[in-house]
Amino acid sequence: MTTMNAAISTKGETPILDNGQGVIDPDVYFEVNKAPADLPEFEEKLNAFVDYHKAKNNNVVLITSGGTTVPLENQTVRFIDNFSNGNRGATSAEYFLEAGYAVVFMHRTNSIQPYHRHFIPSQRGFLDYMRPTEEGSVEVRPEYVEKMHQVLLRYEKAKQENRLLLLEFVTLPQYLFKLQSGAKILARLQEKAMYYLAAAVSDFFIPSSKMVEHKIQSRDGGLTLTLDQVPKFLKPLVSNWAAKGLIVSFKLETDTNLLVPKARAALERYGHQVVIGNMLKTRRQTVTFITQHTEKVITLTKEELDTDVEIESKIIPELARIHQNWIKSGSTE
Ligand code: PMT
């Protein structure tokens with residue numbers, strides 16, 4: 001077991017956060033960091049959802065979506081963030097619902113959400129979809145009615161059937177505590193659970209016990225931060241938390257040459273079932289599925305891109321097929 005050796009010192013008034021080279025064991029992480037205050041509420045909602053779908057013998061997928069933040073102060077003014085806006089997770093959630101799954105959508109607060117995503121493009125605001133009527137009411141503008149009707153039907157169906165549970169995180173510790181707890185709760189479903197880890201999780205952080213309490217002051221000029229490495233949580237997730245569920249992780253790279261080797265290395269290192277590799281710039285049009293014995297590229301054609309086909313419409317049926325094999329035979333092939 002590796003112990004954490006992070007430290008914070010100050011030189012004059014400028015804090016220097018110096019962590020040495022500590023990489024902590026995932027179990028130690030949960031001992032030395034504070035659980036989020038809303039963890040009991042998170043667990044209560046998820047327990048009820050899982051019990052409901054276990055009784056119905058439904059498949060349930062836990063989707064993680066969006067980026068985690070890394071606070072720099074205990075009373076947080078500043079934090080480190082990343083690019084992910086949650087589009088992959090939110091889009092995937094809709095296709096999982098279409099494929100008959102119950103969906104736990106564990107997402108970054110204020111990131112993109114299933115169904116709502118169709119009406120929040122940055123160039124148009126919520127109010128631009130509507131207009132006031134002379135009768136003193138409000139109506140959807142005619143050009144948006146058909147699409148909104150279609151999306152609303154699917155959204156209402158998911159809600160009425162209690163097949164969509166929205167749960168939130170913002171910071172890295174919130175994400176990790178909820179991932180651990182959520183994975184263990186879903187483990188009751190055995191093979192019928194799927195873990196679809198699309199969130200962009202920070203690889204570096206400052207442990208809460210080593211963080212400065214108050215806002216870092218700027219009066220002494222530049223700031224040097226040294227961050228600890230976040231332990232690789234896929235390891236305990238695969239070996240201890242998720243029991244027999246199907247685990248799908250994502251691998252994001254910016255260098256094409258690294259994508260497949262690193263995705264395969266992750267599969268071998270953690271021993272789970274599927275890694276989906278994607279490149280930052282082409283993630284909406286090409287992904288590579290990697291399982292123990294297979295490698296498959298899924299790409300949208302030009303026609304598909306021109307007609308707004310979403311790559312998740314191909315990813316999710318493929319995963320549903322793999323999951324069925326997993327449930328039937330304990331193998332992905
Ligand atoms: O949200 P969008 O803007 O649509 O973008 C979608 C996406 C590009 C973020 C998504 O498709 C994606 O690739 N998500 C995973 C990105 C990522 O964090 O990759 P990684 O190489 O850092 O991590 C690999 C896997 O290990 C991830 O499934 C992650 O959940 C897991 N992990 C990461 C860090 C950590 N400390 N422990 C982990 O278990």
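The values are calculated or read from the model by the stated rules, or taken from the named source; none is laboratory data. Keep in mind that what you see is a predicted model, and the values were worked out from it rather than measured. Reconstructed Cβ throughout: ideal geometry from the backbone, glycine too, with neighbour counts over all protein chains shown.
Observations on the model:
- Hits in the stretch 106-160 (condition: under 30 Å from Phe83 (Cα atoms) and more than 28 Å from the chain's Cα centre (by Cα)): Leu127, Asp128, Tyr129, Tyr144
- There is no residue in the stretch 114-124 that is away from the ligand (no atom under 16 Å from the Cβ), outside any helix (DSSP H, G or I), at pLDDT 95 or above and in contact with a strand residue (DSSP E or B) (Cβ under 7 Å, 6 or more places away or on another chain).
- Whether a residue is within 15 Å of Leu259 (Cα to Cα), out of contact with any helix residue (DSSP H, G or I) (no Cβ under 9 Å at 6 or more places or on another chain) and not acidic (Asp, Glu) was assessed, and Val275 does not pass this test.
- Members of the stretch 71-91 found to be within 14 Å of the ligand (Cβ to nearest atom) and touching a helix residue (DSSP H, G or I) at 6+ places or on another chain (Cβ under 8 Å), listed by number: Asn87, Arg88, Ala90, Thr91
- When His118 is tested against (1) touching a residue at least 12 places away in the same chain (Cβ under 8 Å); (2) closer than 27 Å to Asp38 by Cβ, only condition (2) is not met.
- Residues that are among the aliphatic types (A, V, I, L, M) and out of contact with any helix residue (DSSP H, G or I) (no Cβ under 6 Å at 6 or more places or on another chain), drawn from the stretch 40-70: Ala48, Ala55
- Among residues of the stretch 283-307 that are closer than 20 Å to Ser92 by Cβ, those with a Cβ under 8 angstrom from a residue that is among the polar types (S, T, N, Q) and away from the ligand (no atom under 13 Å from the Cβ), sequence gap 6+ or separate chain, pair up as Gln285/Thr299; Thr286/Thr299; Thr291/Thr332.
Table: residues versus (1) under 16 Å from the mean Cα position of the chain (by Cα); (2) over 22 Å from Thr109 (Cα atoms); (3) not small (Gly, Ala, Ser).
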residue	(1), (2), (3)
Gln174	yes, no, yes
Phe177	yes, no, yes
Phe205	no, no, yes
Leu223	no, yes, yes
Arg264	no, yes, yes
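- Pick from the stretch 266-303, criterion in a helix (DSSP H, G or I) and under 22 Å from the mean Cα position of the chain (by Cα), ranking: nearest to the ligand (Cβ to nearest atom): Ala266
- For the stretch 64-118, taking the residues that are of a type in the set (Val, Ile, Thr) and within 26 Å of Tyr129 (Cα to Cα), the one that is surrounded by the most Cβ atoms within 10 Å (Cβ to Cβ) is identified as Thr91.
- Taking first residues from the stretch 319-331 that are touching a residue at least 12 places away in the same chain (Cβ under 8 Å) and partners that are crowded, with 18+ Cβ neighbours inside 10 Å and part of a helix (DSSP H, G or I), the Cβ contacts under 7 Å between residues at least 6 apart in sequence or on separate chains come to Ile327/Lys192.
- Positions within the stretch 243-261 being within 11 Å of the ligand (Cβ to nearest atom) and either closer than 21 Å to Glu318 by Cβ or in contact (Cβ under 8 Å) with a residue 40 or more places away in the chain (or both), in sequence order: Ile247, Val248, Ser249, Phe250, Lys251, Leu252, Glu253, Leu259
- Residue selected from the stretch 243-265 under the condition part of a loop (DSSP other than H, G, I, E, B) and small (Gly, Ala, Ser), by the criterion modelled with the highest pLDDT: Gly245
- Evaluating Ser239 against the criteria (1) touching a residue at least 12 places away in the same chain (Cβ under 8 Å); (2) farther than 25 Å from Gly182 by Cα; (3) polar (S, T, N, Q) leaves one unmet condition, (2).
- Residue satisfying all of: in the stretch 92-113; out of contact with any Lys or Arg (no Cβ under 7 Å at 6 or more places or on another chain) and more than 16 Å from the ligand (Cβ to nearest atom); nearest to Glu43 (Cα to Cα) among these: Tyr101
- Check on Glu268, touching a Lys or Arg at 6+ places or on another chain (Cβ under 7 Å) and either charged (D, E, K, R) or free of Cβ contacts under 8 Å to residues at least 24 places away in the same chain (or both): no
- Number of positions in the stretch 180-210 that are acidic (Asp, Glu) and either in a strand (DSSP E or B) or in contact with a Phe, Trp or Tyr (Cβ under 8 Å, 6 or more places away or on another chain) (or both): 1
- The stretch 211-242 - residue that is assigned to a helix (DSSP H, G or I) and buried (at least 19 other Cβ atoms within 10 Å of the Cβ) and, of those, farthest from the ligand (Cβ to nearest atom): Trp241
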